[in-house]
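*Asks:* Here's a structure for you.
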Amino acid sequence: MRRRKTVSVDADILVIGGGMGGCGATYESRYWGRDLKIVCVEKANIERSGAVAQGLYAINCYMGMHWNENQPEDHVRYARNDLMGLVREDLGYDIARHVDATVHKFEEWGLPIMRDPETGRYQREGKWQIMIHGESYKPIVAEAARKAASEIYNRIMVTHLLMDEARPNRVAGAVGFNVRTGEFYVFRAKAVIVAAGGASHIFKPRAVGEGMGRTWYAPWSSASAYALPILAGAKMTQMENRIVLTRFKDGYGPVGAYFLHLKTYTQNAYGQDYEAFWRDSIEKMVGDYVNHHPVPTCLRNHALLEEVKAGRGPIRMVTKEAFQDPHKETVGWENFLGMTIGQAVVWASQNIDPKEINPELTTSEPYVMGSHATCSGAWASGPEDCAPADYQWGYNRMMTVEGLFGAGDAIGGSAHKFSSGSFTEGRIAGKAAVRYVNEIGREPPAVSEADCEELKTIVYKPLENYRIGRNEIVAGTVSPSYLLPLHGLQRLEKIMDEYVGGISAYYTTNEPLLTRGLELLGMLKEDLAHLGSEDLHQLQRAWELHHRVLASECVTQHTLFRTETRWPGYYYRADHPKLDDQDWHCFTLSRYDRHSGKWAMEKAPVYHIID
Ligand SMILES: Cc1cc2nc3c(=O)[nH]c(=O)nc-3n(C[C@H](O)[C@H](O)[C@H](O)COP(=O)(O)OP(=O)(O)OC[C@H]3O[C@@H](n4cnc5c(N)ncnc54)[C@H](O)[C@@H]3O)c2cc1C
């Protein structure tokens, strides 16, 4: 086997992932840790990486406290309602009270934020959203991180975390490989902040084959934010709380601005309003939650799904009226040009002019994330001034592994952070990690040479498998001895789709399906030892698949554990079709033992600290 160079990097704080959370963590770590070595490692290039890579049209989390528009408590109430009662209110409150300061920094750094010409305030799109000229959002944020970091390592895919030899539950750094040069990297660090984004492509997407890159959540969000902590033994929470989005069909163009700004509305194929029709049946499933305002996102999905199942699809967004106003027409198109250009292209290619035709809506395949409208992720310690004792075991945003912090999609329990909240949570984690390093984490952790060598062999194994196995076939891609990452991905997506509640099952599952799904995932996990990668690009795909499979197993375990249908419209436990506040007004927690491969599940209390 070809010897690959090992590059060793020592740091005080290592930030994994240079997206919104990672840039926030890097920026703030420097502010509090002037003399510390702060290193950020990113598998793409932080200039244009992460879910915000292509720019955004709105910042979805801004209180407007200095104009007395909203207070942090209001945001906690909003998120709690949308998540059917279950959020970590301490974490949400902590972000909400700091998020305005983050947005003001963005503006100071050059992000153009639209202003209301009459009031001079930021232009609101909805109660929480403000509108931006956001094509360069990510480069602006990345510049702040670049200036703050001691070193940024782009193009390095982190595959594993390292653990301290002396203290088994303390993180010690991470390893990965450069996706361009193939060099192996060993990062030793006193504290690690994981901010590696959410997970797409664990469930089969609606668009397959050539179109499989066309998903709502970024296709490169490959579940590392979950797999890395899971393998290190960190507890995870709410992993069953996958998200399903109602979006414009085939392009996944966002609908928020259409509802909020253009005041468009939906109707079924026969021009009828259908949401009201389903209200009573939803009330039987979930009780009073359906009467809350705004109606929780999952329940609105549910009404759409039921309407389609009843044979009255497709559901359409009524754009014909709003688009008669030339200003609204421009806003409607620009909304896509800011972040989902593909939707405009899809409409053009399908002869859809929204002034003439009401475009179809559909629901996406499920994704796993902690920063948008759902809250999957790691179980984290809360802020010391407001987290209940059960939620405090160390530093703010520290996971249940010592020295391991997280932000954005990586941290569970606190939804509706979005881009600004993820950056803010990165700042909170960065500040806490500096304190940890200065107080109890001063000594560098002990990293075993042997462990690193073993990981190096494991990381490059798919290249080795391919090098040997390719001689067994003369043509084609199917080999008797190795599995290509794409084939493994398609197998994973099929299992999750059919057994864990994907699109083809109308998001429905039950105990027998989940149990069988776990068996099949177990077999897939065994086969991952035989992944074959023809080049470094495919090696990255192989490790992304490893991460996706582990996160999927976690999602399946959580879905099995929670014996209720908490969020109809996101998924259904057909054997427990109702919301059950008596037994399940709680968080679900899991912990994976990497030595035995076993999962331990438990419940954790939900404390309502805001009235
Ligand atoms: C389609 C879409 C529309 C959205 N619209 C809005 C909106 O209008 N307004 C708004 O405020 N928010 C919006 N959001 C939400 C916002 O983008 C996310 O909340 C935010 O980006 C999450 O931050 P993060 O740091 O957790 O993840 P990301 O920003 O995705 O960053 C994760 C980073 O980790 C890197 N990474 C992943 N794995 C590894 C690995 N193994 N090794 C090294 N690096 C790795 C990735 O390359 C990436 O740079 C939207 C998201 C999507 C997908």
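*Asks:* Do we find that LYS320 is among the basic types (Lys, Arg), surrounded by 15 or more Cβ atoms within 10 Å (Cβ to Cβ) and out of contact with any strand residue (DSSP E or B) (no Cβ under 9 Å at 6 or more places or on another chain) in this structure?
*Replies:* Yes.
*Asks:* Now a separate question. Given the structure, is GLY24 within 14 Å of the ligand (Cβ to nearest atom), assigned to a helix (DSSP H, G or I) and closer than 30 Å to VAL437 by Cα?
*Replies:* Numbers: within 14 Å of the ligand (Cβ to nearest atom): yes; assigned to a helix (DSSP H, G or I): yes; closer than 30 Å to VAL437 by Cα: yes.
Here the answer is yes, as GLY24 does meet what is asked.
*Asks:* Looking only at segment 204-246, which residues are of a type in the set (Phe, Trp, Tyr), touching an Asp or Glu at 6+ places or on another chain (Cβ under 9 Å) and not in a helix (DSSP H, G or I)?
*Replies:* Initial filter on segment 204-246 (of a type in the set (Phe, Trp, Tyr)): 216-217, 220, 226.
Subset that is touching an Asp or Glu at 6+ places or on another chain (Cβ under 9 Å): 216, 220, 226.
Within segment 204-246, TRP216, TRP220 qualify.
*Asks:* For the subset of segment 32-70 comprising residues that are small (Gly, Ala, Ser) and either at pLDDT below 95 or not in a loop (DSSP other than H, G, I, E, B) (or both), which member is farthest from the ligand (Cβ to nearest atom)? Break it down into steps so the answer makes sense when it comes.
*Replies:* At the first step, the residues of segment 32-70 found to be small (Gly, Ala, Ser) are 33, 44, 49-51, 53, 55, 58, 64.
Now restrict to residues that are either at pLDDT below 95 or not in a loop (DSSP other than H, G, I, E, B) (or both): 51, 53, 55, 58.
Values: ALA51: 3, ALA53: 7, GLY55: 9, ALA58: 5 Å.
This residue is GLY55.
*Asks:* Sort out which residues of segment 103-112 are outside any loop (DSSP other than H, G, I, E, B) and either more than 30 Å from ARG80 (Cβ to Cβ) or within 11 Å of the ligand (Cβ to nearest atom) (or both), and write them in order of number.
*Replies:* First, the residues of segment 103-112 that are outside any loop (DSSP other than H, G, I, E, B): 103-108.
Result: VAL103, PHE106, GLU108.
*Asks:* Is it the case, given these coordinates, that PHE405 is outside any loop (DSSP other than H, G, I, E, B), of a type in the set (Phe, Trp, Tyr) and within 18 Å of ALA223 (Cα to Cα)?
*Replies:* Yes.
*Asks:* Need at least 2 residues that are among the aromatic types (Phe, Trp, Tyr) and away from the ligand (no atom under 13 Å from the Cβ) per element, so show me which strands (runs of 3 or more DSSP E) inside segment 113-195 make the cut, counting only ones lying wholly within it. Write out each step before concluding.
*Replies:* Numbers: elements: 130-134, 151-153, 156-163, 171-178, 184-194.
Strands (runs of 3 or more DSSP E) meeting the threshold: none at all.
*Asks:* Oh, and also: Name the residues in segment 267-281 that are exposed (fewer than 13 other Cβ atoms within 10 Å of the Cβ), among the acidic types (Asp, Glu) and within 16 Å of CYS298 (Cα to Cα), would you?
*Replies:* ASP280
*Asks:* Sticking with this one: If I ask for residues that are within 16 Å of SER8 (Cβ to Cβ), without any contact (Cβ under 8 Å) to a residue 24 or more places away in the chain and charged (D, E, K, R), which ones from segment 438-453 would you list?
*Replies:* First, pick out the residues of segment 438-453 that are within 16 Å of SER8 (Cβ to Cβ): 444-453.
Now drop any that are not without any contact (Cβ under 8 Å) to a residue 24 or more places away in the chain, which leaves 449-450, 453.
Within segment 438-453, GLU449, GLU453 qualify.
*Asks:* Additional query: Being under 19 Å from TYR607 (Cβ atoms) and either without any contact (Cβ under 8 Å) to a residue 24 or more places away in the chain or in contact with a strand residue (DSSP E or B) (Cβ under 8 Å, 6 or more places away or on another chain) (or both) is the requirement here; does SER381 meet it?
*Replies:* Working: under 19 Å from TYR607 (Cβ atoms): yes; either without any contact (Cβ under 8 Å) to a residue 24 or more places away in the chain or in contact with a strand residue (DSSP E or B) (Cβ under 8 Å, 6 or more places away or on another chain) (or both): yes.
It is true that SER381 is under 19 Å from TYR607 (Cβ atoms) and either without any contact (Cβ under 8 Å) to a residue 24 or more places away in the chain or in contact with a strand residue (DSSP E or B) (Cβ under 8 Å, 6 or more places away or on another chain) (or both).
*Asks:* Just name the residue that is farthest from THR246 (Cα to Cα) out of those in segment 272-292 that are without any contact (Cβ under 8 Å) to a residue 60 or more places away in the chain and not in a helix (DSSP H, G or I).
*Replies:* Looking at the filtered set, the residue picked out is GLN272.
*Asks:* Would you call VAL41 closer than 19 Å to GLY198 by Cα and touching a Lys or Arg at 6+ places or on another chain (Cβ under 6 Å)?
*Replies:* Working: closer than 19 Å to GLY198 by Cα: yes; touching a Lys or Arg at 6+ places or on another chain (Cβ under 6 Å): no.
No: the conditions fail for VAL41.
*Asks:* Just checking, which of MET496, MET523 is within 25 Å of LYS598 (Cβ to Cβ), more than 16 Å from the ligand (Cβ to nearest atom) and surrounded by fewer than 23 Cβ atoms within 10 Å (Cβ to Cβ)?
*Replies:* Numbers: MET496 fails: surrounded by fewer than 23 Cβ atoms within 10 Å (Cβ to Cβ).
Step by step, each of MET496, MET523 is checked, and only MET523 is within 25 Å of LYS598 (Cβ to Cβ), more than 16 Å from the ligand (Cβ to nearest atom) and surrounded by fewer than 23 Cβ atoms within 10 Å (Cβ to Cβ).
*Asks:* Here is a follow-up. Condition (residue is surrounded by fewer than 22 Cβ atoms within 10 Å (Cβ to Cβ), within 15 Å of the chain's Cα centre (by Cα) and within 11 Å of the ligand (Cβ to nearest atom)) applied to segment 222-241: is it met by at least one residue?
*Replies:* Here is the first cut: in segment 222-241, the residues surrounded by fewer than 22 Cβ atoms within 10 Å (Cβ to Cβ) are 231, 233, 235.
Filter once more, keeping what is within 15 Å of the chain's Cα centre (by Cα): none.
Within segment 222-241, none of the residues are surrounded by fewer than 22 Cβ atoms within 10 Å (Cβ to Cβ), within 15 Å of the chain's Cα centre (by Cα) and within 11 Å of the ligand (Cβ to nearest atom).
*Asks:* Limited to segment 474-485, what total is found for residues that are without any contact (Cβ under 8 Å) to a residue 12 or more places away in the chain and under 29 Å from HIS201 (Cα atoms)?
*Replies:* To start, the set of residues in segment 474-485 that are without any contact (Cβ under 8 Å) to a residue 12 or more places away in the chain comprises 474-478, 480.
Of the ones still in play, those that are also under 29 Å from HIS201 (Cα atoms) are 475-478, 480.
Counting residues in segment 474-485 that are without any contact (Cβ under 8 Å) to a residue 12 or more places away in the chain and under 29 Å from HIS201 (Cα atoms) gives 5.
*Asks:* Looking at segment 384-413, I want the residues that are charged (D, E, K, R) and modelled with pLDDT of 95 or more and have a partner that is away from the ligand (no atom under 16 Å from the Cβ) and assigned to a helix (DSSP H, G or I) with Cβ atoms under 8 Å, at least 6 apart or on another chain. Which pairs are those?
*Replies:* Cβ pairs passing all conditions: ARG397/ALA432.
*Asks:* Continuing with this model, one more query. Tell me, please, whether a residue that is within 30 Å of TYR62 (Cα to Cα), in contact (Cβ under 8 Å) with a residue 24 or more places away in the chain, within 16 Å of the ligand (Cβ to nearest atom) and not in a helix (DSSP H, G or I) can be found in segment 334-349.
*Replies:* The first filter runs over segment 334-349 and keeps only residues within 30 Å of TYR62 (Cα to Cα), leaving 334-344.
Pick out the ones that are also in contact (Cβ under 8 Å) with a residue 24 or more places away in the chain and you get 334-336, 338-344.
Then drop every residue that is not within 16 Å of the ligand (Cβ to nearest atom), which leaves 334-336, 338-344.
Okay, now just the ones that are also not in a helix (DSSP H, G or I), so 340.
The answer is yes, given that some residue of segment 334-349 is within 30 Å of TYR62 (Cα to Cα), in contact (Cβ under 8 Å) with a residue 24 or more places away in the chain, within 16 Å of the ligand (Cβ to nearest atom) and not in a helix (DSSP H, G or I).
*Asks:* Something else about it: Within the bounds of segment 547-554, is there any residue that is farther than 29 Å from ILE473 by Cβ, buried (at least 23 other Cβ atoms within 10 Å of the Cβ) and small (Gly, Ala, Ser)?
*Replies:* yes
*Asks:* Of the conditions (1) within 14 Å of the ligand (Cβ to nearest atom); (2) among the aliphatic types (A, V, I, L, M); (3) modelled with pLDDT of 95 or more, MET84 satisfies every one except a single condition; which number is it?
*Replies:* If we test MET84 against (1) within 14 Å of the ligand (Cβ to nearest atom); (2) among the aliphatic types (A, V, I, L, M); (3) modelled with pLDDT of 95 or more, just (1) comes out false.
*Asks:* Now, a different point. How many residues are within 15 Å of the ligand (Cβ to nearest atom), in contact with a strand residue (DSSP E or B) (Cβ under 7 Å, 6 or more places away or on another chain) and of a type in the set (Gly, Ala, Ser) if we restrict to segment 384-410?
*Replies:* Qualifying residue count for the region: 3.
*Asks:* Something else: Applying the selection to segment 1-54, what residues are of a type in the set (Lys, Arg) and surrounded by fewer than 24 Cβ atoms within 10 Å (Cβ to Cβ)?
*Replies:* Looking only at segment 1-54, we keep the residues that are of a type in the set (Lys, Arg), and these are 2-5, 30, 34, 37, 43, 48.
Those that are of a type in the set (Lys, Arg) and surrounded by fewer than 24 Cβ atoms within 10 Å (Cβ to Cβ): ARG2, ARG3, ARG4, LYS5, ARG30, ARG34, LYS37, ARG48.
*Asks:* Based on this model, can you work out whether ARG97 counts as more than 13 Å from the ligand (Cβ to nearest atom), closer than 22 Å to ALA410 by Cβ, free of Cβ contacts under 8 Å to residues at least 40 places away in the same chain and not in a loop (DSSP other than H, G, I, E, B)? Step through it out loud before you land on a result.
*Replies:* On the way: more than 13 Å from the ligand (Cβ to nearest atom): yes; closer than 22 Å to ALA410 by Cβ: yes; free of Cβ contacts under 8 Å to residues at least 40 places away in the same chain: yes; not in a loop (DSSP other than H, G, I, E, B): yes.
Criteria met by ARG97.
*Asks:* Within segment 301-333, take every residue that is in a loop (DSSP other than H, G, I, E, B) and not charged (D, E, K, R) and give me the one that is nearest to the chain's Cα centre (by Cα).
*Replies:* So in segment 301-333, the residues in a loop (DSSP other than H, G, I, E, B) come out as 310-315, 319-321, 325.
From what's left, not charged (D, E, K, R): 310-311, 313-315, 319.
On the way: ALA310: 32, GLY311: 33, GLY313: 30, PRO314: 29, ILE315: 27, THR319: 30 Å.
That would be ILE315.
*Asks:* Quickly run through segment 411-458 and pick out the residues that are within 9 Å of the ligand (Cβ to nearest atom) and not aromatic (Phe, Trp, Tyr). Talk me through it step by step, then tell me what you get.
*Replies:* First, the residues of segment 411-458 that are within 9 Å of the ligand (Cβ to nearest atom): 411, 417-423, 425-426.
Correct list: ILE411, LYS417, SER419, SER420, GLY421, SER422, GLU425, GLY426.
*Asks:* Can you confirm whether ALA380 is buried (at least 24 other Cβ atoms within 10 Å of the Cβ) and within 15 Å of the ligand (Cβ to nearest atom)?
*Replies:* Details: buried (at least 24 other Cβ atoms within 10 Å of the Cβ): yes; within 15 Å of the ligand (Cβ to nearest atom): yes.
Answer is yes for this residue.
The values are calculated or read from the model by the stated rules, or taken from the named source; none is laboratory data. None of these values were measured; they are calculated from a predicted model. Cβ coordinates were reconstructed from backbone atoms using ideal geometry, including for glycine residues, and neighbour counts include every protein chain displayed.
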